[in-house]
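Read through the structure below, which is laid out as structure tokens, and then see the notes.
The values are calculated or read from the model by the stated rules, or taken from the named source; none is laboratory data. Values in this document were obtained by computation on a predicted structure and should not be read as measured data. A quick note on method: Cβ atoms are made from the backbone with ideal geometry, for glycine too, and the neighbour counts reach across all protein chains shown.
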Ligand code: ME8
């Protein structure tokens, strides 16, 4: 018929855009992996998804890094931004858009939001003085700094060096938005997550907002302020606008316009204030809709310590992927760290997860059952005949997983989704051990077929549900089960998508090898 296809539900999400002033580290990897899992989950659940990530390339910090590297900011960021994109690719992150704030289209978006805020009367020129942290690209009050013995100062919040700076700057009337922001947090309790972050932000706003300096004149590596080319925009105005740029803003006819407002900004806990205070205030001022949710994940520590170049414990995501494999790294960070809290990486912990959860629990179950099918069922999906109580009980647990996962995804409890899938994997292992299909080959082959069929069916669902988290291994598992590409969505779980008896299966191959190398990777 000519009836138009029903409109797909949309889901737009972003990571923060990283400063490419050095090499990407495991914290950057963690964020893009988590966002990718969320994006993939929504695609599997039938949403039309826009998933953006990228690099935040302007500002004094980048300009200084380029100078130290003996090159121009442009040449510098072209090199370092490419590493961030290569990292996302290496980690199998299927972003739809990698945005660089030095793209010409992005400057147009930043200038347009500026013009709208100005037209609304929220931008004015004033003299600004304060303690400036280059690292944070932010001004602090004296009370927010501490004096060191050598006479220098540091920010109390971030422990970064600050210097006294006076500039004639444009200010944004942030103070005018205090009540509207508090109203927003009250009306939309989900706007900031997790809850602890919302409480912090709300009490910060309640304590009083001062107007925000939004232009700089002491360097020029940034987006020029419309009509005032001696000023560049404060890097956070420029950076936050990336979320609009990826939806085509200000071009109203861009097909991606439907993704604004975005459903979710995934960021780290250190930049919640920028996303939950400044960003909604800018958008309110510009008369644009607000994102639905900002979620601040925790920090990934290296053996319980903050990563730093001086401690020599900075983890290189490329090296981790080479050592352990992409899927194990993804699984580890998503399973080990409750999403929203802090977590710790260690060689021992990741090997524990690889060998127990992946190789043993899921990998062995697949290997054992598929080998039995290859040997005893002519390498084809067996005919289950009639299922008994135990078979049906396992399938009921397996089939309930998508709905559980959807609910947990609503809370962004990524670790809990994996825990629940693996609880059913454990159930499937108990079932397999209790049914002893290897004993049934001679005594009751029809029953053996039912047990193997049920086990393969459980594996099919595990394959479908683990795709967002371990896409490579899940695809391999679904290939081994000969599941067609168009039957791999959440909708294919359950009766409607059951394996078809007689379908030929390829020779089984391990999906999750054990990690055998005992030595730790070089740091
Ligand atoms: O903040 N563990 O860039 P960035 C987990 N350009 N996450 C971490 C982390 C760690 N150890 N270290 C950093 C910026 N992150 C700005 C963002 S958005 C409009 C502009 C997270 O390169 C951090 O919280 O310093 C942030 O979400 C992201 O990595 C990029 O950090």
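Quick rundown of the values:
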{"quantity": "Looking only at region 10-26, and only at residues there that are at pLDDT below 95 and surrounded by fewer than 21 Cβ atoms within 10 Å (Cβ to Cβ), the one that is farthest from the ligand (Cβ to nearest atom)", "calculated": "23"}
{"quantity": "Checklist (1) surrounded by fewer than 20 Cβ atoms within 10 Å (Cβ to Cβ); (2) under 19 Å from residue 231 (Cβ atoms); (3) at pLDDT below 95 applied to residue 108, failing item", "calculated": "(3)"}
{"quantity": "Some residue of region 231-240 being away from the ligand (no atom under 16 Å from the Cβ), over 18 Å from the mean Cα position of the chain (by Cα) and free of Cβ contacts under 8 Å to residues at least 24 places away in the same chain", "calculated": "no"}
{"quantity": "Any hit, region 39-57, residues being crowded, with 19+ Cβ neighbours inside 10 Å, within 14 Å of the ligand (Cβ to nearest atom) and in a helix (DSSP H, G or I)", "calculated": "no"}
{"quantity": "Residues (more than 16 Å from the ligand (Cβ to nearest atom), touching a helix residue (DSSP H, G or I) at 6+ places or on another chain (Cβ under 8 Å) and in contact (Cβ under 8 Å) with a residue 12 or more places away in the chain) located in region 249-265", "calculated": "250"}
{"quantity": "Flag for residue 327 being within 12 Å of the ligand (Cβ to nearest atom), in contact (Cβ under 8 Å) with a residue 24 or more places away in the chain and assigned to a helix (DSSP H, G or I)", "calculated": "no"}
{"quantity": "Residue 337 being within 16 Å of residue 470 (Cβ to Cβ), in contact (Cβ under 8 Å) with a residue 40 or more places away in the chain and within 11 Å of the ligand (Cβ to nearest atom)", "calculated": "yes"}
{"quantity": "Filtered residues of region 308-332 (kept if in contact with a strand residue (DSSP E or B) (Cβ under 7 Å, 6 or more places away or on another chain) and surrounded by 14 or more Cβ atoms within 10 Å (Cβ to Cβ))", "calculated": "313, 315"}
{"quantity": "Residue identified as within 16 Å of the ligand (Cβ to nearest atom), closer than 21 Å to residue 261 by Cβ, part of a helix (DSSP H, G or I) and in contact (Cβ under 8 Å) with a residue 24 or more places away in the chain among 35, 29, 81, 88", "calculated": "35"}
{"quantity": "Count of region 276-308 residues which are more than 23 Å from residue 251 (Cα to Cα) and either part of a helix (DSSP H, G or I) or in contact (Cβ under 8 Å) with a residue 12 or more places away in the chain (or both)", "calculated": "16"}
{"quantity": "Selection count where residues are without any contact (Cβ under 8 Å) to a residue 60 or more places away in the chain, farther than 30 Å from residue 119 by Cα and surrounded by 14 or more Cβ atoms within 10 Å (Cβ to Cβ), scope region 134-157", "calculated": "6"}
{"quantity": "Subset of region 266-285 (residues that are more than 10 Å from the ligand (Cβ to nearest atom) and out of contact with any helix residue (DSSP H, G or I) (no Cβ under 7 Å at 6 or more places or on another chain))", "calculated": "283"}
